[in-house]
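Colleague: My questions will all concern the structure given below.
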Amino acid sequence: MSAVRRFLRVASGRIDGALVSALSGQLRAAQQGADLAAAMTVGGLEASEARERMRLTEHRGDLERGRLVGGLGRALVTPVDREDLFRLSRSIDDVLDTLRDFVRESDLFGVREQGELAPMLDQIRVGLSGLTDAVDDLVAKPDRVAESALAAKKAGGVIRRLYEGEVARIFQDESGAHALRKYELARRLDEVGRQLSQASDAIADGAMKRWH
């Protein structure tokens, strides 16, 4: 193997590792955000405290996204199409932003009893776990990326069904401004479900382009 080819292989490995590390960091921040939101909904964490901790978590996620975008700008080659990596990073960022909005609005609205939303947050964590597995597979097992990402796609579908059931319950059992507030909070979590599906599509598309 020529010196140039050895250099390119080593450089590509370092770049792949840095990009995967940044994506993994984003996903850890999103998981932490989902954990904070879940603890708040079942009364394990006050909304005001969850809001402050979410602010710090979002900042960590933003730093990792900046690292990913910077790495893409410097990379000669990437583990999958750079556009798909950017789409994936953006969707993960959207997930964390929407979870931040969910926590912030819970605090602003003064909605204290949200245990009925816990199943939606459980599925959000399932989806994020699937995305984490898919990102880990990018370098180690690239032929399994799409399969791993499917968990996020499925979780998005489950979240939509849970959302529809929750909306029906809200307008049957609640009334007035309280019902509208609860509806808005449930809608935020449904939005996260769609963002998880978009993230799944981004990484699966990238894997398909590489291996087909």
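The values are calculated or read from the model by the stated rules, or taken from the named source; none is laboratory data. Please read all numbers here as calculations on a predicted model, not as lab measurements. Using ideal geometry, Cβ is built from the backbone for each residue, glycine included, and neighbour counts are taken over all protein chains shown.
Colleague: Among the listed residues Asp97, Asp122, Asp107, Asp84, identify the single one that is surrounded by 17 or more Cβ atoms within 10 Å (Cβ to Cβ), out of contact with any strand residue (DSSP E or B) (no Cβ under 9 Å at 6 or more places or on another chain), acidic (Asp, Glu) and closer than 17 Å to Gly43 by Cα. Reasoning before the result, please.
Modeller: Numbers: Asp97 fails: closer than 17 Å to Gly43 by Cα; Asp122 fails: surrounded by 17 or more Cβ atoms within 10 Å (Cβ to Cβ); Asp84 fails: closer than 17 Å to Gly43 by Cα.
Being surrounded by 17 or more Cβ atoms within 10 Å (Cβ to Cβ), out of contact with any strand residue (DSSP E or B) (no Cβ under 9 Å at 6 or more places or on another chain), acidic (Asp, Glu) and closer than 17 Å to Gly43 by Cα holds for just one of Asp97, Asp122, Asp107, Asp84, which is Asp107.
Colleague: Check Ser91, Ser129, Ser106 and return the single one that is within 15 Å of Asp205 (Cα to Cα) and modelled with pLDDT of 95 or more.
Modeller: Ser91 is the lone residue from the list that is within 15 Å of Asp205 (Cα to Cα) and modelled with pLDDT of 95 or more.
Colleague: What's the number of the condition Ala155 fails, among (1) more than 21 Å from the chain's Cα centre (by Cα); (2) within 15 Å of Val95 (Cα to Cα)?
Modeller: (1) is the only condition that Ala155 fails.
Colleague: Quick check on Arg210: is it more than 23 Å from Ala22 (Cβ to Cβ) and either modelled with pLDDT of 95 or more or surrounded by 15 or more Cβ atoms within 10 Å (Cβ to Cβ) (or both)?
Modeller: Taking the combined requirement at face value, the residue does not satisfy it.
Colleague: Considering only residues that are hydrophobic (A, V, I, L, M, F, W, C) and crowded, with 20+ Cβ neighbours inside 10 Å, which ones fall in the range 136-145?
Modeller: Let us first name the residues in the range 136-145 that are hydrophobic (A, V, I, L, M, F, W, C), namely 138-140, 145.
Of everything in the range 136-145, those that are hydrophobic (A, V, I, L, M, F, W, C) and crowded, with 20+ Cβ neighbours inside 10 Å turn out to be Leu138, Val145.
Rundown of residues vs (1) under 20 Å from the mean Cα position of the chain (by Cα); (2) among the acidic types (Asp, Glu); (3) at pLDDT 95 or above, yes/no style:
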| site | (1), (2), (3) |
| --- | --- |
| Gly25 | yes, no, yes |
| Ala30 | yes, no, yes |
| Glu49 | no, yes, yes |
| Arg55 | yes, no, yes |
| Leu76 | no, no, no |
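Colleague: All but one of (1) more than 17 Å from Ala118 (Cα to Cα); (2) not in a helix (DSSP H, G or I) hold for Gly61; which doesn't?
Modeller: (2)
Colleague: Which of the residues spanning the range 40-62 are free of Cβ contacts under 8 Å to residues at least 24 places away in the same chain and either touching a helix residue (DSSP H, G or I) at 6+ places or on another chain (Cβ under 7 Å) or more than 17 Å from Ile124 (Cβ to Cβ) (or both)? Full working, then the answer.
Modeller: Step one: list which residues in the range 40-62 are free of Cβ contacts under 8 Å to residues at least 24 places away in the same chain, which gives 44-46, 49, 52-53, 56, 59.
Within the range 40-62, Leu45, Glu46, Glu49, Glu52, Arg53, Leu56, His59 qualify.
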